[in-house]
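Enquirer: One structure is given below, represented as structure tokens, and several questions about it will come after.
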Amino acid sequence: MGFMDKLFKSQRDIAKEEMDGIQWDTLESIDQLDNIIKNSSIKPKVIFKHSTRCGISRMVFNQFQKGYESNDDNVTYYLLDLLSYRDVSNAVAQKLNVVHQSPQVIIIFNKEVVHTESHHGIDIKKVQQIVSSKN
């Protein structure tokens, strides 16, 4: 995609084009968040909070994607566009008792946060290692 194309596309459209590799579900409502927490007893859930206007968030998101190895079918990955769904982002912080960060990755298992990291500390290998230990 050329520079001019990026100028005329929304940040959300650009972010969607960058979502290769990981099968992302979008996190768009507080009810959905409640279900994610409830169903984390079945299998781990990973939430990636992403600011589509932040260069650091985009860089970390891209690194997360590039390092992904498709070996963990027993996990669901959720992408939260925190600019579009600010209320959901606030609910994540409140319901999971985590400090709001962006970018941020949160792993939930058995209705508890088992790992959270932000900015350059986000590491897909570490996430996959934690997830595989819960299966």
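Enquirer: Those residues that are of a type outside the set (A, V, I, L, M, F, W, C) and outside any loop (DSSP other than H, G, I, E, B), I need them from segment 24-49; list them, please.
Expert: D25, T26, D31, Q32, D34, N35, K38, N39, K45, K49
Enquirer: Can you name the condition, by its number, that D25 falls short on among (1) touching a Ser or Thr at 6+ places or on another chain (Cβ under 8 Å); (2) at pLDDT 95 or above; (3) closer than 15 Å to V131 by Cα?
Expert: Unmet for D25, out of (1) touching a Ser or Thr at 6+ places or on another chain (Cβ under 8 Å); (2) at pLDDT 95 or above; (3) closer than 15 Å to V131 by Cα: (3).
Enquirer: Counting just the residues of segment 61-97 that are aliphatic (A, V, I, L, M) and either without any contact (Cβ under 8 Å) to a residue 12 or more places away in the chain or touching a Phe, Trp or Tyr at 6+ places or on another chain (Cβ under 8 Å) (or both), which one comes out surrounded by the most Cβ atoms within 10 Å (Cβ to Cβ)?
Expert: The residue in question is L80.
Enquirer: I've got another one for you. If you check every pair at least six apart or on different chains, which have Cβ atoms under 7 Å apart with a residue in segment 43-56 that is touching a residue at least 24 places away in the same chain (Cβ under 8 Å) and of a type in the set (S, T, N, Q) first and a residue that is assigned to a loop (DSSP other than H, G, I, E, B) and surrounded by 15 or more Cβ atoms within 10 Å (Cβ to Cβ) second?
Expert: If the second residue must be assigned to a loop (DSSP other than H, G, I, E, B) and surrounded by 15 or more Cβ atoms within 10 Å (Cβ to Cβ), the pairs left are S51/L82; S51/L83; S51/S102; S51/P103; T52/L83.
Enquirer: If you go through segment 98-110 one residue at a time, do you hit one that is closer than 16 Å to N35 by Cβ, exposed (fewer than 13 other Cβ atoms within 10 Å of the Cβ) and of a type outside the set (G, A, S)?
Expert: The answer is yes, given that some residue of segment 98-110 is closer than 16 Å to N35 by Cβ, exposed (fewer than 13 other Cβ atoms within 10 Å of the Cβ) and of a type outside the set (G, A, S).
Enquirer: Quick one: in segment 50-76, which of the residues that are part of a helix (DSSP H, G or I) and aliphatic (A, V, I, L, M) is farthest from V92 (Cα to Cα)?
Expert: If we take residues in segment 50-76 being part of a helix (DSSP H, G or I) and aliphatic (A, V, I, L, M), then M59 is farthest from V92 (Cα to Cα).
The values are calculated or read from the model by the stated rules, or taken from the named source; none is laboratory data. Just so we're clear, the structure is a prediction, and the values are computed from it rather than from any experiment. Virtual Cβ from ideal backbone geometry, glycine too; neighbours counted across all protein chains shown.
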